[in-house]
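What follows is a set of notes on a single structure, which appears directly below.
The values are calculated or read from the model by the stated rules, or taken from the named source; none is laboratory data. Please read these numbers as outputs of a predicted model, since none were measured by experiment. All Cβ positions, even for glycine, are placed from backbone atoms using ideal geometry, and neighbour counts span all protein chains on display. Just the protein is used for accessible areas: all its heavy atoms, side chains included, with ligands, DNA and RNA removed. Shrake-Rupley method; radii C 1.70, N 1.55, O 1.52, S 1.80 Å.
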Amino acid sequence: MRSRAVRYLCFAVMVCALSFVARKTSGQSAGTAWPASAPEYKLYMVGNAHIDIPWLWPWPESMSVGLSTFRAALDRMNEFPDFKFAASSAQLYEWAAAADPGLIAQIRRRVAEGRWDVVGGWWVEPDVNMPSGESLIRQGLYGQQVFQQLLGRRAKVGFNPDSFGHPGTLPQILKLQGMNNYVFMRPAQTEKALPADVFWWQGEDGTRALTYRISYSYGIRGSDIDSKMHDFLSKLTEPTSDLMIFYGTGDHGGGPAKDAINAILDIEKQPGAPKILFSTPDAYFEDIASRKGLPVVTGDLQHHSVGCYTAVSEVKKDNRTAEMALETGEKMAELASIVAGSPYPKSDFTAAWKKVLLMQFHDSMAGTALPEHYIVAHNAFGYAKEVANQAIYRAAEKIAWQIPTADPDSDYLVVFNPHAWAANLDVQYDLGWGFHNEDIISDDTRLEDEQGNLIPHQWTAGQTVAGARKGLVFKAPVPAFGYRQFRLRKKQVVPAAVSAVHATETGIENEHLRVTFAADGSISLFDKDAGAEVFRGGAGGARAVVTDDPSDTWSHGVRAFTDEIGTFAGASFRVMEDGPVRATVRVRTKYGASFMTTDWMLCAGAHSLEARVSLDWHEHLKMLKFSFPVDVQNPVPTYEIPYGFIARKANGDEDPGQRWIDVSGDRNGKPYGLAVVNDAKYGYSVQDNDMRISIVRGAVYAQHQPRKVEPGGEYIWQDQGMQSFRMVLAPHAGSWQEAGIVRMAEELTAPVPVIYQGIHKGTRPQSASFLAVDVPDVVVEDVKQAEVGNDLIIRCYETAGHAAHATLDLGMVHRQWTGDFHPLEIKTLRVPLNAAGKIREVNALEQ
C-alpha cells in the first residue's frame, strides 16, 4: 500500500510539472509574479467578436457567423453573471432580426441591463479613407437608426478596430453621429508612434474625440490572456492606470469562449494582480472622460497596408461612381418632389445606400477579399447606380416635360446642374439616330440658349456607327442647382467659329495652356498666364512609371513604392478633334504585355487639361504610377480626405486620398502649384516635388504574408485587363483654394443629367435656379428628403480651411438661410416645407 501511495505521489508531481511546462511553453505566465505596481492598474476586460463580413469567405456566410456569435455571447451571459459583451455593425443585427426575432429580443434585454454594449454606430466596420464624407455620414445615419429600432439605444462609442487607417476629419463626423469616443487598432505603434494608446484625437476642424488604440489584438484567446496581461503591464507608459484589454475569437466570429472567461476569473484571484473588471467600451470611456493630462494627437492615423488603396481598381471606381450618382439622384428627386410634385423614392435610396455601405466594409473596399466577392460588389454598386439613374432621369423628365418646346425643325436639350453654383458643364450627346437624316447634324447648325445667345458647339464621332449618328459637344452654362434649355437649329447660316484651341500630333494649345508630347508619351505643360513650364525641366509630366511591387495584397510592412523598373513608352499620336470647342490628341503607349490609350483634351478658354485613360494591364507584382514633377520650391502636398483635406509631408510615403491631390510651393517668390483631380483613384505619394498617382497593381487576390507567391505558380491576379478613368490637371497661381479645386472635383465626378425633349407645351421657364450658395468655399454636398417626415435636408461644409459666412438661397422653397462656418465645419440643415416652420441646424442623424 505504501509503495502504491508513493507511486501515486510521484505521478501527481510529474503531471503538475508537465502541466506547468506546458502552460509556460504555450505562452502563459501562471506563477509569474506581478509587478509591484500592478494593483494600481484597473483593466477593463472587453469581450467582443470582430466579424469580417466579406474576407476569405462570401458575405452570406457572415449571416450565419453573426447569428452563432450572438447566440454564444448570450449563452456566456447565462453562465457567467459578470460577463459583458460588445458588438458593432448594424447590418449584422438587421440580418439577425430577420432570421431570429427572438434572439434580438434577448439581446435587447441584455442591452437594457448594461451587459451587451452596442458600439460602432455604423452599418459595418468600413474602410474610412476611401468612402466619401457623405458615405461615412450615411454609415452612422442608417446604422444608428437600426440600433435605435432594434435595441432601443444608439451607440456612443465609435468602434472600428480592423480598418487600415483613419482620416483626420473623422472626430467631427463621429460627434455629429452622437459618438464622442473612438476605438481603433491599426496602425500599430510600429507603424504610427503615438504618445499613448489613450488620447484626445483632434480632427482637422478642431473637434476632439477621446480615443483608444487596442494593444495586441481585438481577439486575444483564453490561452494567451495571462501572458498578454503580464506583458501589457510590463510595457505601460500610459498617462492613466485605467486601460482596456479586448478578448474573444474574431475575424470569423465566435466571441469569448469559456476558457477565456475562466482565465480572467483565475487572474482575479492571483496575489498582486491588477484590478480586473468585466466591462465595456461605454463604461470605460465614462470612467476616464474627466481624466486630466491625456495627450492630444492631431492629424490622421496612418500607415497600415498601403497597397489597399490601389488593389482592385474596379471596386474603387464603382464606389466613387455610385456615391456621386446617389447624391445626384437624391438632389434631383427632392427637387422634382418639391417643385413638380414627383414622388420621392425614399425606400429605394435607403436600399441602395445600404448596398454601398455594405460594400465599403474594409476588406471589400481594400481589395483584400475573395475574387468572387468583387463580382458581388460590382453588381451591388450597379444596383445602387441604377436606383440613382432611375431617380435622376425620372425627376429630370418630370421637370423637362413642363418646359415648352415649339419648333419641330429644332432639337431641344435640357441640361441640369446638380451643384449650388452656376457651372459651365461638359456635355456630349449623340444625335442623328436615323439612316437618312444627315442634314440634322450638318455643319451649318446653330446652338442657342433661351435668350437666343449663340453657344459654341462642335460635332465629334458618335459612340456607334449607324446612319448619321454623331456626338454634339458643347459647354453648357447652367444656373446654380437648376437647368437650362438649349435649342439646336438646323440649316442656319452662322459665321464660322474662330477656334481658340488647336491640336497637332505634337501638341495642343489654347489661350492659357500649351501642351507638347514627348516620344515616351509624357507631356510638357506651359502655363501662358504664369509664363513658365509647370513641370521641372519642362518635361516628364504624366510619365507612366512602373515600379517593382513584390508585396502581398495588403502591402504589409511597405510605406512606399519607389523601385522603378520601367515606363510606358513607344508613343504614337493621332488628332481626334480640333476645335472650336475642344481639341483632342490620342496617345498610345505600351509596357511589357500592357497597353494604354490616353485622350488628352483641351477646351477653348480652359485653364485645365483633361486626360481620359484606357489601360489594358497584364503585369504581375508591379505597380503603375503617373508622375507629375511640379516645378516649385518647398513643396507642400495636400490631399482630399472625407469632408475635408490634409497637408502631409513630401517624404515619398504612399498615402490615401480621395478625388484630388495638390502640390503647391514657391516659384519666384510667389505661390504656385498643380492639382490633379480624378474620378477613380485613391493612392498617392509625393517625394519632394514629384507628385504621383497610383493607378494599378498586379497582386494576387488575398495573398497574406507570410504566404509567398511561388515563381511559376498559378494564381488569380488582380486588375488584369481593361480599366478606364479620367484626370484633370489644373496648374494655378496662388493657392489651390483660390483655384476652386473642390468645385472642380465635384463637377468632374457628379453626373450631368441631359434630357432630350420632344415637342410639347409647358409653363415652366426655359432656365431656372432653385438653390445657390454665395461663397465659393462652402459646398452643398447633399440635398435629400428627411429620413423621418418630408422635411428638406441640406448638408454643406466649408472646404478651404477658413472661417466663412454664407447665405443659402433656397429658391425651391422660397426661403433663405444665413450662418457662420468654422474651418471645415459640416452643417446639416432641416428645412420644413411649410413657410412657418423654422430652419434648424441638426446633427448628422437629422435630429
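Kirkwood radius for the stretch 570-678, taken over all pairs of different Cα atoms as the inverse mean of 1/r, rounds to 16.5 Å. Normalised Debye scattering of the stretch 97-235 at q = 0.13, 0.18 Å⁻¹ gives log10 I(q)/I(0) of -0.65, -1.10, counting only Cα atoms as equal scatterers and leaving out solvent. Mean separation of Cα pairs under 8 Å and 6 or more residues apart, divided by the residue count, gives the chain a relative contact order of 13 percent. Please list, ordered by chain and number, the residues whose modelled amide H lies under 5 Å from the amide H of Ala680; skip anything fewer than 5 residues away on the same chain. For Ala680, whose amide H was placed from the backbone, the distant partners under 5 Å are Arg726. For Gly178, the shell of other residues with beta-carbons less than 14 Å away shows a net charge of +2, using +1 for Lys and Arg and -1 for Asp and Glu.
Relative to one another, the C-alpha centroids of the stretch 122-152 and the stretch 376-401 are positioned 22 Å apart.
Of all lysines in the structure, the ones whose alpha carbon falls short of 23 Å from that of Lys670, not counting any fewer than 8 places away in one chain, are Lys528, Lys649.
Quick check: net charge around Ser627, other residues with Cβ under 10 Å of its Cβ, Lys/Arg +1 and Asp/Glu -1?
The answer is +1.
Once both labels are positioned 7 Å from their Cα atoms along Cα-to-Cβ, the gap between Arg840 and Ser68 label points is 4.6 nm.
Along the charge dipole of the chain, pointing to its positive end and built from +1/-1 on Cβ of Lys, Arg, Asp and Glu, which listed residue (Thr749, Thr298, Leu615) has its Cα farthest out? Among Thr749, Thr298, Leu615, the one farthest towards the positive end of the dipole of the chain is Thr298.
Whole-Hz Karplus values for the stretch 514-530 come out as 10, 10, 10, 9, 9, 5, 8, x, 6, 10, 9, 9, 9, 8, 5, 5, 8 Hz, taken residue by residue from phi with 6.51 cos²θ - 1.76 cosθ + 1.60 and θ = phi - 60°; glycine and proline positions read x. Which one, Thr240, Thr516, Val783, is farthest towards the positive end of the dipole of the chain when Lys and Arg carry +1 and Asp and Glu -1 on their Cβ? So the residue furthest toward the plus end is Thr240. Rounded, prolate or oblate: which fits the stretch 684-726 when a ≥ b ≥ c are the square roots of the eigenvalues of the alpha-carbon gyration tensor, with rounded for a/c under 1.5 and prolate only if a/b beats b/c? Oblate, because a/c is 1.5 or more while a/b does not exceed b/c.
In the chain, the portion of solvent-accessible area held by carbon and sulfur atoms comes to 53 percent [1.4 Å probe, whole percent, DNA, RNA and ligands not counted]. Rolling a 1.4 Å probe over the heavy atoms of the protein chains gives the chain an accessible area of 38 Å² per residue.
If we count every other residue with Cβ under 12 angstrom of Ile107's Cβ, Lys/Arg +1 and Asp/Glu -1, where does the sum land?
+3
Per the Debye formula with a single identical scatterer at each Cα and no solvent contribution, what log10 I(q)/I(0) holds for the stretch 537-629 at q = 0.13, 0.22 Å⁻¹? Reported log10 I(q)/I(0), two decimals: -0.55, -1.14. Its alpha carbons give the stretch 497-566 an Rg and a Dmax of 17.5, 58 Å. If only the Cβ of Lys and Arg carry +1 and only the Cβ of Asp and Glu carry -1, the dipole of the chain around its Cα centre is close to 2020 debye. Of the trypsin sites (Lys or Arg not before Pro) found in the stretch 186-287, those in coil by DSSP whose Cβ has at most 14 other Cβ atoms within 10 Å are Lys235, Lys269.
Computed as a quarter of the hull surface, the mean projected area of the alpha carbon convex hull for the stretch 596-748 stands at 10.7 nm². Alpha carbon centre of the stretch 35-75 versus the stretch 592-623: separation in Å? Here the two parts' Cα centres lie 45 Å apart.
Rounded, prolate or oblate: which fits the stretch 36-143, taking a ≥ b ≥ c as square roots of the Cα gyration tensor eigenvalues, rounded meaning a/c under 1.5, else prolate when a/b beats b/c? In terms of gyration-tensor shape, oblate. If the segment from Asp407 to Ala647 were pulled out straight at 0.36 nm per residue, it would be longer than the present Cα-Cα gap by 81.0 nm.
May I ask you to rank Arg588, Arg394, Arg830, Arg487 by accessible area, largest first, using a 1.4 Å probe over the protein chains only?
Details: Arg588 110, Arg394 165, Arg830 30, Arg487 55 Å².
The ordering from most to least exposed comes out as Arg394, Arg588, Arg487, Arg830.
Extents of the stretch 733-847, taken as max minus min of Cα coordinates on every principal axis and listed largest first, are 48, 40, 21 Å. On the principal axes of its alpha carbon atoms, the stretch 218-364 extends 75, 36, 30 Å, with the longest extent given first. Residues whose amide H lies under 5 Å from that of Met244, counting only those 5 or more places away or on a different chain, are Tyr44; hydrogens are built 1.01 Å from N in the peptide plane.
Extension gain for Thr506-Arg612 works out to 36.4 nm (0.36 nm per residue, less the C-alpha to C-alpha distance). Extending 7 Å from the Cα toward the beta-carbon at both Tyr216 and His822 defines two label points whose distance is 3.9 nm. Over 16 Å apart: what share of the alpha carbon pairs of the stretch 738-796 falls there, rounded to a whole percent? It works out to 66 percent of all Cα pairs.
The label point for Val296 and the one for Gln270, both projected 7 Å from the Cα toward the Cβ, are 3.9 nm apart.
The reciprocal of the average 1/r between distinct C-alpha atoms defines the Kirkwood hydrodynamic radius, which for the stretch 576-620 equals 11.6 Å. Annotation: amide H-H contacts under 5 Å for Gly652 (H modelled 1.01 Å from N, sequence separation of 5 or more, or interchain): Val686, Gln687, Asp688.
Pairs exceeding a 20 Å alpha-carbon distance, out of Lys398/Lys761; Lys784/Lys827; Lys317/Lys784: Lys317/Lys784.
Evaluating 6.51 cos²θ - 1.76 cosθ + 1.60 at θ = phi - 60° for every residue in the stretch 468-478, the Karplus couplings come out as 9, 5, 9, x, 8, 10, 7, 9, 9, x, 10 Hz, glycine and proline recorded as x.
Projecting the Cα atoms of Ala283, Tyr643, Pro479 onto the charge dipole of the chain (Cβ charges, centred on the Cα centre) puts Ala283 farthest toward the positive pole. If you take the square roots of the eigenvalues of the alpha-carbon gyration tensor of the stretch 192-268 and sort them as a ≥ b ≥ c, do you get rounded (a/c under 1.5), prolate (a/b over b/c) or oblate? Taking the square roots of the gyration eigenvalues as a ≥ b ≥ c, the stretch 192-268 is prolate. Simple point charges give the picture: +1 on the Cβ of Lys and Arg, -1 on the Cβ of Asp and Glu, and for the stretch 140-219 a dipole about the Cα centre of about 260 debye.
With only the Cα atoms considered, the chain has a convex hull volume of 188 Å³ per residue. Within straight-line reach of Lys708, meaning a Cα separation under 20 Å, sit the following lysines at least 8 residues removed in sequence or on another chain: Lys622. Computed 3J(HN,Hα) for the stretch 609-616, one whole-Hz value per residue from the Karplus formula 6.51 cos²θ - 1.76 cosθ + 1.60 where θ = phi - 60°, is 10, 9, 10, 10, 10, 10, 10, 10, glycine and proline marked x. Subtracting the Cα-Cα distance of Thr32 and Asn634 from 0.36 nm times their residue separation leaves 211.2 nm of extension gain.
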